[in-house]
Amino acid sequence: MEENNTNEREEIFSERVRAGKRTYFFDVKATRSNDYYLTITESKRRYKDDGFTYEKHKIFLYKEDFNKFVEALNNTVNHVKDELLPDIDFTQFDRQGDMDGEESGVSRSEIDTELKWD
């Protein structure tokens, strides 16, 4: 019997979103029976006395909840955009490089979609 020394599953697909001091990872993973699920991880860099560490929070999202999750997320974001902050032009936040000073002209999705990490 083959021994598996890790509880983590290999990522099938990964997308990274940088947002200031936070980074969000959207990873597709497979179970032993080749069923797929999504993990959403928020990683936040915290400074300590002798350097820094990463604080991580993770959500597991299973296929039976995909549609409900996306619908609730869209409804919530649209409520904020349309009802609470209707005068904000949210496209201003779409420009690449604004969050961390990079202006290379290369799309983050071109760079980060193959990112693998634990």
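The values are calculated or read from the model by the stated rules, or taken from the named source; none is laboratory data. Only a predicted model underlies this, so the values are computations on that prediction, with no experimental measurement involved. Reconstructed Cβ throughout: ideal geometry from the backbone, glycine too, with neighbour counts over all protein chains shown.
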Extreme residue, surrounded by the most Cβ atoms within 10 Å (Cβ to Cβ), among residues of segment 18-36 that are among the β-branched types (Val, Ile, Thr) and at pLDDT 95 or above
23
Output for segment 59-110, where each listed residue is at pLDDT 90 or above, surrounded by 10 or more Cβ atoms within 10 Å (Cβ to Cβ), not aliphatic (A, V, I, L, M) and not in a helix (DSSP H, G or I):
60, 62
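Per-residue answers, yes or no, for (1) among the β-branched types (Val, Ile, Thr); (2) over 21 Å from residue 15 (Cα atoms):
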| residue | (1), (2) |
| --- | --- |
| 42 | no, no |
| 47 | no, yes |
| 56 | no, no |
| 60 | no, no |
| 63 | no, no |
| 69 | no, no |
| 77 | yes, no |
Leading residue by the ranking (modelled with the lowest pLDDT) among those in segment 37-55 that are touching a Lys or Arg at 6+ places or on another chain (Cβ under 8 Å) and surrounded by fewer than 14 Cβ atoms within 10 Å (Cβ to Cβ):
52
Quick check, is residue 24 farther than 27 Å from residue 11 by Cβ and part of a strand (DSSP E or B)?
no
Go through 54, 47 for me and flag whichever is of a type in the set (Phe, Trp, Tyr) and over 17 Å from the mean Cα position of the chain (by Cα).
47
